[in-house]
Amino acid sequence: MTSKLKLRITRLGLPIFILVLGTVIFLKLIENKSIDSLVEHNTGLLNELESQNHFQKLHNDIAAVEASIRDMSVSSDSTKLAGILQQMHLVDEQMSVISSDQYIADDNNPAYARLANLFTERIALQRITVDAYTNGRKGEMITLLHSVRNRELRDSIIYASSQLFNVHQLTSTEIISSIRKDGDDVHMRSVALTIAACTACLLLSLYLVRKKRHSEASERKVKAAATVKENFLANMSHEIRTPLNAILGFTNILQKSKLDPQQQKHIQIIHSSGRNLLSIVNDILDLSKIEAGMMRIEEAPFRVKDIMSGVEQMLLPKAEEKNLKLIIKVDDEIPDTLSGDAVRLTQVVVNLVSNSIKFTEEGGVYVRVTPFKKTADTLSLEIHVRDTGIGIAKEKQKFIFERFEQAEAATTRRFGGTGLGLSIVKHLVDLQGGSVVLNSEVGYGTSFLVVLPYKTTNEVAPQITTTSITNKLFVMNNKSRVLVAEDNIMNQHLIRHLLNHWGFAFELVGNGALAVEALRKQHYDVVLMDIQMPEMDGHTAARMIRSELKSTVPIVAMTAHAMAGEREKCINSGMNDYISKPIDEEALYQLLVKYSSNFNGKDDSGTETMGRVIDLQYIESVSDGDKQLKEDMIREFVKTVPGNIHNLEKAIDEKNYRVIYSIAHDLKTTVHFMGLTNLLGQSLQKIEDLASNNGTIATIRQVFQDVKAVCTRAVQEAGRLVA
């Protein structure tokens with residue numbers, strides 16, 4: 001095409017485009033008339049369907065009330081009365097909705113009105129029945145349930161509902177016929193409109209095609225850069241997490257062993273440094289997930305008080321290390337349970353509180369959670385995090401939520417950190433439809449005000465347990481066989497130690513090919529599969545296990561990759577679950593329990609070992625066959641230990657180190673009689689050592705929770721023996 005022809009097309013293009021655009025507008029005005037008619041008929045159809053749905057829901061709710069009343073009459077369980085009254089309250093609300101329905105008010109719909117009257121009468125009869133039960137007249141209640149009038153009402157409602165359905169079918173057919181006619185009109189005009197619009201688009205296509213050629217080249221460069229970035233982050237995650245898995249795993253093991261105070265301090269420093277490095281890696285990966293659109297906001301019931309209590313337990317040791325106060329309060333007006341993403345709420349609060357602790361040298365950090373705005377089914381939480389730290393200059397505040405930003409260049413050298421925490425907070429708050437506001441003054445501290453909306457719910461949130469895995473009694477004669485595919489020597493040592501400690505039979509191989517061969521030769525209950533291995537990676541091995549071996553053995557991915565979409569890749573490869581490195585001991589143990597079909601908690605003789613805490617071997621030896629002495633010793637244990645645990649917890653709350661030391665020391669002797677030394681000896685000794693050296697109360701409390709859990713279980717078992 002010559003340059004003159006291109007110029008001529010350019011000059012004629014605008015007038016022709018305007019002419020075609022005018023035609024499009026004219027056709028659109030004509031089309032709107034048909035669309036208005038179509039919308040009107042659609043609205044009528046929706047109203048018809050909505051009214052029928054209201055009646056159907058009411059019918060189901062009334063039937064549910066009837067069933068509950070009958071169930072209560074048979075079981076005589078008065079505790080069900082509250083639930084029935086709640087159901088009847090919901091029925092009353094549904095009746096109010098139906099009463100305001102325009103189809104009921106319309107005299108041309110007698111079928112609706114008759115059905116509504118039948119519903120009203122049946123609800124009244126149910127209320128009389130419940131009142132009879134409430135006032136102790138159960139015979140009258142049963143008579144009413146089996147009365148002729150009750151059956152007549154039920155049959156009449158069924159018959160009236162059938163009539164109503166026939167009326168609805170006829171009305172719907174007429175409306176649909178009108179909708180079809182209006183739709184045909186809209187279709188014909190839309191064809192004309194489309195032709196005109198295509199003509200206009202054709203004139204723009206020359207420009208767009210040329211522009212697209214330039215943009216495609218730029219887009220290819222952007223995608224290539226994004227791929228390089230993703231691969232870099234994935235490799236960085238793997239290379240850092242793999243050694244971290246061994247470092248944190250073995251420091252966990254060492255912390256459970258008998259160490260002198262200096263060694264314990266060194267191990268804590270190593271563990272803390274590893275956790276800090278892991279936190280930086282996680283922050284970078286979280287930002288990557290957000291930018292890739294892979295950060296999903298889940299919805300599930302949770303308890304706000306549990307979340308805040310967990311944050312306090314997690315961060316209180318950090319605050320106490322700097323002699324800071326950490327006070328977290330949840331307003332009593334907040335409902336017991338809300339629905340939303342508890343993990344992201346925790347992440348927001350942890351990042352804000354950690355940030356405040358980091359930049360505060362004296363005073364404290366104060367968190368207050370209050371209700372902000374409430375509607376019928378939502379509640380917005382207002383989370384106020386205030387500290388007495390160094391503060392942020394006014395001119396720096398507008399940049400504080402940007403990536404890698406800190407208030408001053410010297411801040412990083414003085415306090416450390418990457419400047420990612422607050423950026424992640426801002427992204428997470430935005431993703432949940434909330435807001436975050438900063439208020440700060442240099443030298444006078446900083447406050448963050450976060451508002452997050454959540455749904456109100458009647459569902460029960462799962463209880464959050466804080467018992468550590470350290471003092472659980474694991475099954476030793478377990479029949480489960482575990483196949484581990486892991487090439488890293490340090491991680492092999494760690495996994496070998498954990499599986500030996502938990503009593504699992506296992507085989508360890510160094511790559512995916514060896515894992516496939518091992519499964520060809522014998523059966524395993526669970527496969528722990530690393531992803532990045534030589535010769536054959538975990539994804540390829542999992543696909544071969546599923547396709548070639550036709551095996552359904554549960555496969556759990558163990559990977560140092562934690563990029564967005566990694567879990568999905570593992571599932572698509574045929575794996576059942578995913579755990580990222582560094583591996584959390586309790587999470588791994590729970591996965592093994594979950595997927596091991598032979599995990600039955602019994603030894604070869606069939607005796608239950610899972611959950612059995614006490615061991616009476618020592619008592620039986622000292623009682624020398626004296627049954628009465630044996631029972632007296634067990635009763636004394638059941639009688640004294642709960643009081644000791646209560647007094648120890650009280651002493652911890654009061655920070656009374658002398659009493660803490662004394663009770664922990666005495667408990668070592670008491671628990672020895674019940675064969676609990678292996679489970680509690682090290683923990684009680686640790687409490688004793690911490691108390692004698694004025695250790696942090698948060699650490700003592702954490703160890704105490706393990707002791708309390710085991711002692712509570714032991715008292716229950718001992719009590720059953722002498723009941």
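Once you've got the Cα coordinates, tell me which of LYS639/LYS668; LYS550/LYS594; LYS426/LYS655; LYS318/LYS650; LYS325/LYS686; LYS358/LYS398 are over 27 Å apart. Violating the 27 Å Cα-Cα cut-off are LYS426/LYS655. Using the average count of surrounding beta-carbon atoms within 10 Å as a protection proxy, the listed peptides 318-327, 359-368, 481-490 rank, highest first, as 481-490, 359-368, 318-327. Computed from label points 7 Å out along Cα-Cβ, the spacing between GLU654 and ALA113 is 7.6 nm. In order along the range 133-149, phi translates into HN-Hα couplings of 5, 4, 8, x, 9, 5, x, 5, 4, 5, 4, 5, 4, 9, 6, 5, 5 Hz, rounded to whole numbers, per the Karplus curve 6.51 cos²θ - 1.76 cosθ + 1.60 with θ = phi - 60° and x for Gly and Pro. Ranked by the mean number of other Cβ atoms within 10 Å of their residues, highest first, the peptides 150-157, 626-633, 539-546 fall in the order 539-546, 150-157, 626-633.
For ILE128 and LYS594, compute 0.36 nm times the residue count separating them, minus their Cα-Cα distance, and round to one decimal in nm. Please list the in-between numbers first.
Working: separation 466, 0.36 × 466 = 167.76 nm, distance 4.94 nm.
Result for the pair: 162.8 nm of gain on full extension.
Based on the Cβ-Cβ distance of ALA393 and THR456, what FRET efficiency does E = 1/(1 + (r/R0)^6) give at R0 = 41 Å, to the nearest 0.05? Display every interim value, and only then the final one.
Values: r = 40 Å, r/R0 = 0.98.
With R0 = 41 Å, the Cβ-Cβ based efficiency is 0.55.
If a paramagnetic tag sat 7 Å from the Cα of ASP332 along the Cα-Cβ line, which residues of the range 350-375 would have the backbone N under 16 Å from that point? Within reach of a label on ASP332, which here means backbone N under 16 Å from a point 7 Å along Cα→Cβ, the range 350-375 contributes 369-371.
FRET efficiency for the ASP377 to ASN323 pair, using the beta carbon distance and R₀ = 35 Å, is estimated at 0.20. The stretch between ARG137 and ASN60, if pulled fully straight at 0.36 nm per residue, gains 25.0 nm over its current Cα-Cα span. Amide H to amide H, with H built 1.01 Å from N, GLU441 comes under 5 Å of ILE392, counting only residues 5 or more places away or on other chains. When peptides 427-437, 343-353, 300-310 are sorted by average Cβ neighbour count within 10 Å, with the highest value leading, the order is 343-353, 300-310, 427-437. With R₀ fixed at 41 Å, the C-beta to C-beta distance from ASN693 to TYR618 puts the FRET efficiency at about 0.85.
Were the residues from ARG70 through MET536 laid out at 0.36 nm apart, the gain over their Cα-Cα distance would be 161.5 nm. Under the classification rounded if a/c is under 1.5, otherwise prolate if a/b is larger than b/c and oblate if not, where does the range 358-399 fall, given a ≥ b ≥ c as square roots of the Cα gyration tensor eigenvalues? Oblate is the answer for the range 358-399, as a/c is 1.5 or above yet b/c matches or exceeds a/b. Here the spin labels are modelled as points 7 Å beyond Cα on the Cα-Cβ line, and at LYS639 and VAL442 they lie 6.9 nm apart.
Bear in mind that the values in this text are calculations on the coordinates, not laboratory data. It should be emphasised that the depicted structure is a prediction, and the values quoted were computed from it without experimental measurement. Using ideal geometry, Cβ is built from the backbone for each residue, glycine included, and neighbour counts are taken over all protein chains shown.
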